[in-house]
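In what follows, a structure is listed as structure tokens, so that the remarks can point back to it.
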Amino acid sequence: MEMSAADGGLGRSAHRQRSGTVKRKRWGGLRQQWKLLGLFEIDEQHEFYSLTCMMKEGLAAASQRTIDNAPRNELSDEDYRLEVTQIHKDFTMETFAGPVFSLLRGALGVSEQEYQQSLSSSSCYLQFISNSKSKADFFLTNDKRFFLKTQNKREIKFLLSNLKIYMEHLKRFPHSLLVKFLGVHRIKIPHRRKKYFIVMQSVFYPDDRLNARYDIKGCEVSRWTEPAPEGSHIIVVLKDLNFEGQYISLERQRAWLLQQVEIDTHFLRRLNVLDYSLLLAHQPLHHDERHQSLSFASLIMRAKKSVNPGSSPIYPGISAVPGEVQEDGSTLLLSETADNYYRQSQVGVASSGGSLQTCPEHAGPGSDTAELPEFKAQNRRLLPNLKNPLYVIDGPEQRYFIGIIDIFTVYSFRKRLEHWWKRLRHPGRSFSTVSPQAYCVRLCHWVQDHTK
């Protein structure tokens, strides 16, 4: 009897081993196929299925807590330091600075209900496999509206320590192209390493008609990717050298884009970061989109979307042309005005323990920042009536999706050594690891040279 039970146990164990081996082989084969596709559903056979289920459950509870306890309109220092832990059956999840990100979501027009619905939907998350050198894992909600990315502890610490400055930048320039962070979390699973992840708006949303996607750094070394075969459904993110010979055709909106890229990259230079990317995609405009007549109702709707009353002063004289910025002689050189602002910002940070104090709506009449021309220009772009308007710019023939992502790489001693090593290895060629000042200027020049 004991032998029979033992034999049965061994039989079951052998069966489980064979089953596990078959499942691993099957998953390995599927994973090889999916690596070619770039984007695929995380179903029950997927290695990240358990993790993404925990993410969904944790995010549903975190957003429900926000719904039940509506945050105040004014943020305190305590809100930036707040950590809330929620205990679940198989894991615990911590939410960092919840009120701050909730306020940002509201300013971006994302309600807590739709945020919760998208992140905790019964539909599978999607995994995006990129050609990036990053060791991070990338996930998309099934509707492709929100992006989730795993981060290491150092990157999360960097984001949270600069969160107040980041929020002040978005408050000052609500049409910024910087990636919009919507949440920062940590999952603790017993006997496993803690997993940090962030939630972001997807730059490429909606992506139904996108022709091509590019990751631009403004350099040439390792900046070519083999395109997908003609007619293929494979999603490949192309790079700088793939874009050569092409232009972002914006006409009257070009000036706005050049100024906003300069403002955002100056901000990143002040944070001492490099290696960020300009994400770019385009799709042809339909006939009715190219020749739409702007009705009064449509104008009112788009104007309301364009200026957030709680974030930025409303200036008179919104451009009659969507996105047009007047190029008159009164406009200061943007690099000078941006430098002036961030020099004053550093003084504000030093005197207030980390918070910026030079927002235009609070500046006195004699303040240098009270009437800077870039405020008038940058905060009056007439946004398209879409769910993702801040990253969308329409040209005469094409709709462009443009955003700046991956802003966590600090110019550390290690990066300085990498810079000198690459100078020796790639003499006379441009590469990504340069000083934040050089990186900022180079990317601005790339945008200037590739727009018309």
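Whole number please: convex hull volume per residue of the Cα set in the stretch 34-202, in Å³?
128 Å³
Quick one: with all protein chains in place, what share of the accessible area of the stretch 34-202 is carbon or sulfur, to the nearest percent (1.4 Å probe)?
Roughly 49 percent of what the probe reaches on the stretch 34-202 is carbon or sulfur.
What order do E44, E94, E220, E244 take when sorted by accessible area (1.4 Å probe), most exposed first?
Of E44, E94, E220, E244, the descending order of accessible area is E44, E244, E220, E94.
Please give me the summed charge of the neighbours of K135: other residues whose Cβ is under 14 Å from its Cβ, Lys and Arg +1, Asp and Glu -1.
Overall, the nearby charge balance is +3.
Not counting ligands, DNA or RNA, and with a 1.4 Å probe, what is T225's accessible surface area in Å² rounded to the nearest 10?
20 Å²
Go ahead and run the numbers for FRET between H286 and F138, Cβ-Cβ distance against an R0 of 41 Å, rounding to 0.05.
0.85
If each residue of separation counts as 0.36 nm, what is the full-extension length gain between T92 and E220 once their alpha-carbon separation is subtracted?
41.7 nm
Between the stretch 391-444 and the stretch 173-247, what is the C-alpha centre distance in whole Å?
Their Cα centres are 14 Å away from one another.
Quick check: net charge around H450, other residues with Cβ under 11 Å of its Cβ, Lys/Arg +1 and Asp/Glu -1?
Computed value for this residue: -1.
The values are calculated or read from the model by the stated rules, or taken from the named source; none is laboratory data. Computed from a predicted model, the values in this text were never measured in an experiment. Don't worry about glycine lacking a Cβ; one is built from the backbone with ideal geometry, like all the others, and counts go over all protein chains shown. Just the protein is used for accessible areas: all its heavy atoms, side chains included, with ligands, DNA and RNA removed. Shrake-Rupley method; radii C 1.70, N 1.55, O 1.52, S 1.80 Å.
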